[in-house]
Amino acid sequence: MPFKDPEDRRRYDRERKRLLRAQEAGRPALATPVRLKVAQDVEALLDEAVRTIRADRKAKGVDRARALTQVASVALRVIEAHALQDRLDAVEQVLRLRSA
């Protein structure tokens, strides 16, 4: 038994897992930095993120699923923002017609 003390074993496992996570974090998620100006930019970025996540075969299935869930959450917020923008535009148009 290489570790007589169970605490030494736990300490070794924690350090090994920390090093593995640090190596995984070194992989670039997206190829280039992107400056977002409009909702279409966000949609394009989300599309790229989904393609990147699906193409990453080194990641575990659970990690890919977690990343896709996060991207889907952001995508839902973008969809809600689009719907809100459309409703706001409609209200502004009605108010312009009433004032004219």
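The values are calculated or read from the model by the stated rules, or taken from the named source; none is laboratory data. Since the structure is predicted, the reported quantities are computational estimates derived from the model, not experimental observations. Neighbour counts are summed over all protein chains in view; Cβ atoms, including those assigned to glycine, are modelled from backbone coordinates with ideal geometry. Each accessible area value is taken on the protein alone, full model and side chains, heavy atoms only, with ligands, DNA and RNA left out. Shrake-Rupley method; radii C 1.70, N 1.55, O 1.52, S 1.80 Å.
Listed by first and then second residue, the pairs with beta-carbon distance under 8 Å, at least 6 apart or on different chains, first residue in the stretch 54-83 and closer than 26 Å to GLN40 by Cβ and acidic (Asp, Glu), second part of a helix (DSSP H, G or I) and open to solvent by less than 90 Å² (accessible area, probe 1.4 Å), are ASP56/ARG64.
Just the residues that are surrounded by 12 or more Cβ atoms within 10 Å (Cβ to Cβ) and closer than 19 Å to GLN23 by Cα, please, taken from the stretch 55-82. Correct list: ASP56, ALA59, ASP63, ARG64, ARG66, ALA67.
The criterion of being surrounded by 10 or more Cβ atoms within 10 Å (Cβ to Cβ) and either at pLDDT below 70 or closer than 21 Å to HIS82 by Cβ (or both) holds for VAL50. Filtering the stretch 1-22 to residues that are part of a loop (DSSP other than H, G, I, E, B) and open to solvent by 100 Å² or more (accessible area, probe 1.4 Å) leaves MET1, PRO2, LYS4.
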